[in-house]
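The values are calculated or read from the model by the stated rules, or taken from the named source; none is laboratory data. If you're wondering where the values come from, they're calculated on a predicted model, not measured in any experiment. All Cβ positions, glycine included, derive from the backbone under ideal geometry; neighbour counts span all protein chains shown. In case anyone asks, the SASA skips ligands and DNA or RNA and just uses the protein heavy atoms, side chains included. Shrake-Rupley method; radii C 1.70, N 1.55, O 1.52, S 1.80 Å.
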Amino acid sequence: MNVRIPSPLRSYTSGSAQTQAEGATVAEVLADLDRKYPGIKFRVIDEQDRIRQHIKFFVNTETVESLQHPIGQSDTLHIICALSGG
Amino acid sequence: MARKTTASKTKTKKTVDKEPAKKKAAPAKTTKKPPLASKAKSKAKPAAKAAAKKVVAKKVVAKKVAAKKVTPKKVTKPVKSATTKANGKAKSKANTKAKAPAKTAAKKPSPATTKAASKSGVKVKPLTLMIATRKGAFYLRSDATRDSWKISKPEFLGHIVYHMVSDPRGSKVVVMGSKTGHLGPTVMRSTDNGATWTEATRPPAFTKHEWEEKGRAVENVFWIAPGHESEPGVWYAGTSPPGLFRSEDDGDTWHSVTGFNEHHMYGQWIASGGATPGGQMVHSIRIDPRDPNHMYLAISVGGVFESHDKGHDWHPLNKGCQSEWLPDPDVEYGHDPHCFIFHPLNPDRLYQQNHCGIYKMERSEGVWERIGDNMPKAVGDIGFPIVAHPEDPDCVWVFPMDGTTVWPRTSPEGKPCTYISRNGGKTWKKQSKGLPESDAYFTVKRQAMTCDHRKPLGLYFGTSGGEVWGSADEGESWQCLVRYLPEIYSVTVLED
């Protein structure tokens, strides 16, 4: 499926705003993403497997609350650097 | 975080043992450093330096690091400095600037390159200061007299850089703790004195325990410290929430020091403080130059802690130190050291700038003595940094801040100055020549004050307002080296 990459993470993807990854859940997609772009997962998921405070995930337009959120081949995973202040 | 700032594609991966091998105590020694321009490199133990070697393999020429006998050497008199020797006109300029309100002074044209108000003519090796800020890192380079300074373009613009430390053991490794506003914390590392950078393959992270309902996660890599001279490639990191991490490959992979992070008293050591304004964190990690097994760290809020077995076990070292805000100020732990140091020539002479004053300890006595009581009462003895003269265990500098009422943490009465003691804290002398005489409300953070090892000694500090000030005469007179940087978190010397 497609994965949309926010600008703070594009240093990992050589500037690409979009990439492809595989997996049946958000956790699996992120693991696959980390294989392709080592280190990228730790910037958005902490060592306790929690989504970092200022990061949000959406599958298409649906908010992701759990990394076990299912995801399909035709879906798009959006990684969002959430605005949390002015 | 940029993966790399140059075209270099080198990325190192390496596995190291989590438990460091115990080593016999090494004799005290310090590192003799090669000149900046030389091609000299560290003596590079193969296992520990493999990562660095990969990056600069073709350039590296193995070189023995000469051991220097550690013998306390007392400096009896401040060396006449560059600025002190300056002519009257130059001094007058500095004073005029200082008398003006800060806003007026800021109108002086010096956005990037600053030419000192004084001309010393005293030649020393050019010097590079590494400036870590809330919005990136900078290099501030001097000429051969330290009269003229030039600021670099930013490195990692927009990234929060807490600490940036170069290797005193003779390599060209620089390690940086950083993060961004949105992304998690990480470590960046350079093996060529900051020319190129790569991200750590495995940044500091707490261990995940299935039994823990809410496990700890590193939020900030706040403090970076090189390991012992006998352990090239070893580095330590202190984090928020309080954590200690060790790397044996020049900062590429980091492992939890479980002796501290999983210590049976850990929860109690850090429970007493709660979140300080900057968050509770481990800082001031210091390795005894005589013994790689002997180390210290400080926790804000938590206290000073000591280990004699390379971090496998720890005990509090706070006797005599007061926690004035607690019902019982004489607690065993829960104190708030802002900055802890020992003297490199006499590592049994300890100092700390604490939330509740300036303290000194002779390690053999094991009791902190409040030497800040000898500061002027109107100024007090609160601050963040404390810096030791590298050749005189009795000589330290502090940068007082206002710790009254609601704790503004700015210079008392808007009059920034350093205070120096040349007799181990018995007496203190104000140093403010060249600094604003009024209306200057900035803070100097605990990593943001340092000295070089040149003769005469240079002293430097960076402010929350983005200015770097320098003194080429041990603090007797000051000049602003650069303005308009972001909030400064640390100022360190690039070892050469």
Open item on the list: Tally up the residues in the range A:40-86 that are within 12 Å of chain B (Cβ to nearest Cβ), surrounded by fewer than 19 Cβ atoms within 10 Å (Cβ to Cβ) and more than 12 Å from the chain's Cα centre (by Cα), please.
Closed with: 10
- [ ] Could you grab the pairs with beta carbons closer than 9 Å, sequence gap of 6+ or different chains, first residue in the range B:324-339 and under 13 Å from residue B:280 (Cα atoms), second one open to solvent by 80 Å² or more (accessible area, probe 1.4 Å) and at pLDDT 85 or above?
- [x] B:334/B:268
Open item on the list: When the residues of the range A:17-35 are narrowed to those that are open to solvent by 50 Å² or more (accessible area, probe 1.4 Å) and more than 29 Å from residue B:209 (Cβ to Cβ), which ends up farthest from the other protein chains (Cβ to nearest Cβ)?
Closed with: A:22
TODO: Looking only at the range B:145-161, decide whether some residue is more than 14 Å from chain A (Cβ to nearest Cβ), part of a strand (DSSP E or B) and of a type in the set (Lys, Arg).
DONE: yes
- [ ] Being surrounded by fewer than 17 Cβ atoms within 10 Å (Cβ to Cβ) and small (Gly, Ala, Ser) is the filter; apply it to the range B:125-152 and report the residue that is modelled with the highest pLDDT.
- [x] B:152
Task: Residues located in the range B:412-452, provided they are within 16 Å of residue B:469 (Cα to Cα) and among the aromatic types (Phe, Trp, Tyr) - done: B:419, B:441, B:442
TODO: Scan the range B:460-494 for residues that are touching a His at 6+ places or on another chain (Cβ under 9 Å) and at negative phi and jot them down.
DONE: B:489, B:490, B:492, B:493
TODO: Out of the residues in the range A:1-10 that are surrounded by 19 or more Cβ atoms within 10 Å (Cβ to Cβ) and within 14 Å of chain B (Cβ to nearest Cβ), state the one that is nearest to residue A:75 (Cα to Cα).
DONE: A:5
Open item on the list: Just checking, does the range B:401-411 include any residue being open to solvent by 10 Å² or more (accessible area, probe 1.4 Å) and either in contact with a strand residue (DSSP E or B) (Cβ under 6 Å, 6 or more places away or on another chain) or closer than 20 Å to residue B:472 by Cα (or both)?
Closed with: no
Task: Lone qualifier among B:257, B:221, B:234, B:282 - being in contact (Cβ under 8 Å) with a residue 60 or more places away in the chain, of a type in the set (A, V, I, L, M) and either more than 26 Å from residue B:407 (Cα to Cα) or within 14 Å of chain A (Cβ to nearest Cβ) (or both) - done: B:234
Task: Members of the range B:352-378 found to be of a type in the set (A, V, I, L, M, F, W, C) and surrounded by fewer than 21 Cβ atoms within 10 Å (Cβ to Cβ), listed by number - done: B:367, B:378
Task: Answer residue from the range B:195-215, given it is among the charged types (D, E, K, R), without any contact (Cβ under 8 Å) to a residue 40 or more places away in the chain and more than 7 Å from chain A (Cβ to nearest Cβ) and is surrounded by the most Cβ atoms within 10 Å (Cβ to Cβ) among those - done: B:212
- [ ] Could you grab the pairs with beta carbons closer than 6 Å, sequence gap of 6+ or different chains, first residue in the range B:178-194 and within 13 Å of chain A (Cβ to nearest Cβ) and without any contact (Cβ under 8 Å) to a residue 40 or more places away in the chain, second one open to solvent by 10 Å² or more (accessible area, probe 1.4 Å) and of a type in the set (A, V, I, L, M, F, W, C)?
- [x] B:182/A:81; B:184/A:42
Open item on the list: Quick test of your reading of the structure: residue B:305 fulfils all but one of (1) outside any strand (DSSP E or B); (2) touching a Pro at 6+ places or on another chain (Cβ under 7 Å). Name the failing condition by number.
Closed with: (1)
- [ ] Select, from B:248, B:262, the only residue that is in contact with a Pro (Cβ under 8 Å, 6 or more places away or on another chain) and open to solvent by 30 Å² or more (accessible area, probe 1.4 Å).
- [x] B:248
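Listed here are the residues, each with its yes/no results for (1) assigned by TED's automatic domain parsing to the domain that holds residue B:291; (2) modelled with pLDDT of 95 or more; (3) under 13 Å from residue B:282 (Cβ atoms).
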residue	(1), (2), (3)
B:174	no, yes, no
B:189	no, yes, no
B:201	no, yes, no
B:222	no, yes, yes
B:243	no, yes, yes
B:267	yes, no, no
Open item on the list: Could you tell me how many of the residues in the range A:44-64 are over 12 Å from residue B:217 (Cα atoms) and not hydrophobic (A, V, I, L, M, F, W, C)?
Closed with: 6
Open item on the list: The conditions are (1) more than 19 Å from the chain's Cα centre (by Cα); (2) modelled with pLDDT of 95 or more, and residue B:122 fails exactly one of them. Which is it?
Closed with: (2)
